[in-house]
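Chemist: Below is one structure. I have some questions about it.
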Amino acid sequence: MEIIENPSNLELTKDFKHINYLKSGNDRQKRAYAVIRKLNILDQLKAYDPILTGTIPIGIDLPDSDLDIICQCSDHKAFSLHVTKSFGHYDHFKVYSTTYQNIESTIAEFKTDQLSFEIFGQHIPTEQQNAYQHMLIEDKILTEKGLKFKQEIIKLKSNGMKTEPAFAKLLGLSGDPYIELLKLEL
């Protein structure tokens, strides 16, 4: 992978565990920061070690992209009750559990007047969850590959491709893109 020099010698990665980086981001990131703070969402999820992940934090979102917040939960029933109590009054609220790759996940979805949210809970520490790991890898790739690569990712996504498959296509990765991205040594 070609690495682009960092002319200012600043740290290339953000501290994604805290949302302060959104304050100096693009318009959508600033709006996300304002809405998350206004609705007190991360504080309401504090017991579950929440981290905002997905495409908005790394600036490759589309107009209909939602805000993904991952959480660690050991008791899915208690987590469902908590998110229902905290967010059940928002439009289009739903909460459900599913199993993917033998990992139980509880997902809550809802909309505010400005943004859509997806809260995702697994019994895995948030920093070890695939959504967080994918975002870190994708951010590093975007930083190294530059603006043209970022625009190509957004173009593929605009044409209906999901994020990880778009990265895999442009990087020439074969196999399951969700697994192959995690194998990259950056």
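Chemist: Please work out which residue is surrounded by the fewest Cβ atoms within 10 Å (Cβ to Cβ), limiting yourself to the stretch 151-178 and to residues that are among the charged types (D, E, K, R) and part of a helix (DSSP H, G or I).
Modeler: Lys155
Chemist: Exactly one condition in (1) at negative phi; (2) surrounded by fewer than 21 Cβ atoms within 10 Å (Cβ to Cβ); (3) assigned to a loop (DSSP other than H, G, I, E, B) is not met by Gly59; state its number.
Modeler: (1)
Chemist: Can Asp64 be described as assigned to a loop (DSSP other than H, G, I, E, B) and under 19 Å from the mean Cα position of the chain (by Cα)?
Modeler: Yes; evaluated as a whole, the condition is true for this residue.
Chemist: Taking Phe120, is it of a type in the set (Phe, Trp, Tyr), modelled with pLDDT of 95 or more and under 29 Å from Lys145 (Cβ atoms)?
Modeler: In short, yes.
Chemist: Any idea which residue in the stretch 119-150 is surrounded by the fewest Cβ atoms within 10 Å (Cβ to Cβ), counting only those that are within 18 Å of Gln72 (Cα to Cα) and among the β-branched types (Val, Ile, Thr)?
Modeler: The qualifying residue surrounded by the fewest Cβ atoms within 10 Å (Cβ to Cβ) is Ile124.
Chemist: Of the conditions (1) of a type outside the set (D, E, K, R); (2) at pLDDT below 95; (3) under 27 Å from Ser97 (Cα atoms); (4) surrounded by 12 or more Cβ atoms within 10 Å (Cβ to Cβ), Asn26 clears all except one; give me its number.
Modeler: Against the list (1) of a type outside the set (D, E, K, R); (2) at pLDDT below 95; (3) under 27 Å from Ser97 (Cα atoms); (4) surrounded by 12 or more Cβ atoms within 10 Å (Cβ to Cβ), Asn26 comes up short only on (3).
Chemist: Given the structure, is Tyr100 out of contact with any Gly (no Cβ under 6 Å at 6 or more places or on another chain) and touching a residue at least 12 places away in the same chain (Cβ under 8 Å)?
Modeler: No; evaluated as a whole, the condition is false for this residue.
Chemist: If we scan the stretch 101-111, do we find a residue that is outside any strand (DSSP E or B), among the aliphatic types (A, V, I, L, M) and out of contact with any Lys or Arg (no Cβ under 9 Å at 6 or more places or on another chain)?
Modeler: no
Chemist: For the structure I just gave you, tell me whether Ala108 is over 27 Å from His76 (Cα atoms), surrounded by 12 or more Cβ atoms within 10 Å (Cβ to Cβ) and small (Gly, Ala, Ser).
Modeler: Here the answer is no, as Ala108 does not meet what is asked.
Chemist: Just to be sure, is Lys77 at pLDDT 95 or above, among the basic types (Lys, Arg) and over 22 Å from Lys38 (Cα atoms)?
Modeler: Taking the combined requirement at face value, the residue satisfies it.
Chemist: Could I ask something else about it? Limited to the stretch 101-129, what total is found for residues that are among the aromatic types (Phe, Trp, Tyr) and touching a Phe, Trp or Tyr at 6+ places or on another chain (Cβ under 8 Å)?
Modeler: Qualifying residue count, the stretch 101-129: 2.
Chemist: May I pose another question? Inside the stretch 68-98, can you point out the residues that are touching a Ser or Thr at 6+ places or on another chain (Cβ under 7 Å) and either in a strand (DSSP E or B) or buried (at least 17 other Cβ atoms within 10 Å of the Cβ) (or both)?
Modeler: Correct list: Asp68, Ile70, Cys71, Gln72, Cys73, Phe79, Ser80, Val95, Ser97, Thr98.
Chemist: Still on this structure, please answer the following. Does Leu181 fit the bill of being crowded, with 16+ Cβ neighbours inside 10 Å, within 30 Å of Gln44 (Cβ to Cβ) and at pLDDT below 95?
Modeler: No; evaluated as a whole, the condition is false for this residue.
The values are calculated or read from the model by the stated rules, or taken from the named source; none is laboratory data. Everything numeric here is computed off the predicted structure, so don't read it as measured data. Here Cβ is always computed from backbone atoms with ideal geometry, including for glycine, and neighbour counts include all displayed protein chains.
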